[in-house]
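For reference, the structure is listed below as structure tokens.
The values are calculated or read from the model by the stated rules, or taken from the named source; none is laboratory data. Being a predicted model, the structure only gives us computed values, none of them experimental. Methodologically, a virtual Cβ is constructed for each residue, glycine included, from the backbone with ideal geometry; neighbour enumeration extends over all protein chains shown. SASA here: full protein model, heavy atoms, side chains in, ligands and nucleic acids out. Shrake-Rupley method; radii C 1.70, N 1.55, O 1.52, S 1.80 Å.
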Amino acid sequence: MTLSVQFLTMGMMYAGGLALGGLYDLYRVLSGQLKVPSWLRAALDLLYWFIGTLVVFALLYRSNWGEVRPFIFLGLAIGILFYFLVFSRPVIRVIVFTIRAVVTAARIGRRMIDLFIIRPAIGLYRLVLIILGFLLATAIFIYKIVLQLLYPAWRLLLWLFRPLGRWMRLHLAVPAGMKTIGQKLKALFRKLF
């Protein structure tokens, strides 16, 4: 391995250490802010190390085709140490600010949906109910007025057709046998009820 490849590998491992530190801060802040339960934290730890291993191996493969040398660990350690000394606090602030911005945006979005979609829909529903109630009350009122206006005409029709009813009772009489059966059933129902 040439000296230039060794310097390239050392630089890549330094960048890998920075990436591992940033990934760790992201994982730590997110798990703290989202209040991850302890049983899930072990699985997330494994996921962090799996992703970290993939990042380091990808960098190592690109720099020297995956050859592991002692100075690789030195580059990773220097990168992680430099990250935690210099970049950790600003990155944590940026992550916390981003989380707060996302939460605030979600809260504002939920409020906007409530204000511009849900409340107008409820208001429209209530307005439709009021209009339908008014129309129903108007229809009942008009129905009662029409009944009151048609009542004399109805009484006149009944008075005009009363002779027809008498004639029908006389000429379309029920047979005598049916009359007695009907009277017996009527008496039986009176006794029972």
Among the residues of region 90-101, count how many are within 16 Å of L23 (Cβ to Cβ), over 27 Å from the mean Cα position of the chain (by Cα) and open to solvent by 50 Å² or more (accessible area, probe 1.4 Å).
2
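For the condition part of a helix (DSSP H, G or I), in contact (Cβ under 8 Å) with a residue 12 or more places away in the chain and either open to solvent by 40 Å² or more (accessible area, probe 1.4 Å) or aromatic (F, W, Y) (or both), what is the one hit in F50, F7, F71? Please lay out each step first, then the result.
Working: F50 fails: in contact (Cβ under 8 Å) with a residue 12 or more places away in the chain; F7 fails: in contact (Cβ under 8 Å) with a residue 12 or more places away in the chain.
Only one candidate qualifies: F71.
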Scan region 47-69 and tell me whether some residue there is among the aliphatic types (A, V, I, L, M) and more than 30 Å from T2 (Cβ to Cβ).
yes
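What tally of residues in region 18-44 results from selecting those that are open to solvent by less than 80 Å² (accessible area, probe 1.4 Å) and farther than 19 Å from I95 by Cα?
Within region 18-44, residues that are open to solvent by less than 80 Å² (accessible area, probe 1.4 Å) and farther than 19 Å from I95 by Cα number 4.
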